[in-house]
């Protein structure tokens, strides 16, 4: 495992070994030992974009503890660089690693809006909500350039297709015009993920996300436009952020959220070394405490893979966290559901050829 210094703005400083490849590599800068500027430049991980020639864009989920069946992910990899991101291991299936590669090598599904149109235009499609995104953030910084999420939203507006959006980036406000249109017919829910109110912690733990203040501002702006908003406290990190639950829920209510939910930190596979390296680097005094409490909530492990337990944990520490969240969600009126989607308004979109439907 190479331990390469990374510049400000990257969550991981690691290139952890890929579980699926036999050959691993490490950078060797010995021949440049007398040229520190060259070494520093070579060690800067630059963002690279690659075309993902996906043939389909809508994924069906069968997990009983994920509250949606279909999702769309325009990007693979995520520039946000969140140290705890459960999606990091997916990059290993691409022959890359779950550390710096995940947040610097971004795969872009450039045909996402067209593929989404094709999916909704099928005779077999029976309308139900589709979520953007179920894995990596659909409003990560790459979206400023590629505008794939907006393209999918434009297709949804045309088809009156119900959508859920999950993000931790205030960039979502760019598309307020489309979201307002969908909200007018009960066709959209937005979930804003807020992990902490501590801006200094957020800056190093999830370096390229919007600040907590910007995310709360996004909640207010969305709510003001009539868009139903849920705040997701995710993940709750035992020993580090769990004490913020009361203040986070109070802030969510004040910003205009209608509901709230949470997930508990889990550290699968190659997420664990990335998170541990970050914690040892940025909060060394918290390392033993946090790791111990994460294990307490997952039966002595860093993750409990059982459905029903993997998101919420179990045991003497997970239960008080659950009760604390329930108490303050109820206090602030955030313990209900968002308004039901109206799936009756769906109409198939025009096909790529421009053909329109008569009925």
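The values are calculated or read from the model by the stated rules, or taken from the named source; none is laboratory data. No experiment lies behind these values; they were computed from the predicted model shown. Using ideal geometry, Cβ is built from the backbone for each residue, glycine included, and neighbour counts are taken over all protein chains shown.
Results, tabulated for the structure shown:
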| quantity | calculated |
| --- | --- |
| Boolean, residue 78 is at pLDDT 95 or above, part of a loop (DSSP other than H, G, I, E, B) and under 20 Å from the mean Cα position of the chain (by Cα) | yes |
| Residue match in segment 297-308 (condition: assigned to a helix (DSSP H, G or I), under 15 Å from residue 242 (Cβ atoms), touching a residue at least 60 places away in the same chain (Cβ under 8 Å) and in contact with a strand residue (DSSP E or B) (Cβ under 7 Å, 6 or more places away or on another chain)) | no |
| Candidates 152, 138, filtered to the one that is assigned to a loop (DSSP other than H, G, I, E, B), in contact with a helix residue (DSSP H, G or I) (Cβ under 7 Å, 6 or more places away or on another chain) and touching a residue at least 12 places away in the same chain (Cβ under 8 Å) | 138 |
| Hits in segment 340-359 (condition: exposed (fewer than 12 other Cβ atoms within 10 Å of the Cβ) and at pLDDT 95 or above) | 340, 344 |
| Enumeration of residues in segment 309-327 that are in a loop (DSSP other than H, G, I, E, B), within 23 Å of the chain's Cα centre (by Cα) and touching a residue at least 24 places away in the same chain (Cβ under 8 Å) | 310, 311, 312, 313 |
| From the options 334, 279, 327, 287, residue that is modelled with pLDDT of 95 or more and touching a strand residue (DSSP E or B) at 6+ places or on another chain (Cβ under 7 Å) | 334 |
| Residue match in segment 100-108 (condition: closer than 23 Å to residue 194 by Cβ, within 17 Å of the chain's Cα centre (by Cα), modelled with pLDDT of 95 or more and crowded, with 17+ Cβ neighbours inside 10 Å) | yes |
| Subset of segment 174-198 (residues that are within 20 Å of residue 253 (Cβ to Cβ) and touching a helix residue (DSSP H, G or I) at 6+ places or on another chain (Cβ under 6 Å)) | 190, 192, 194, 196, 197 |
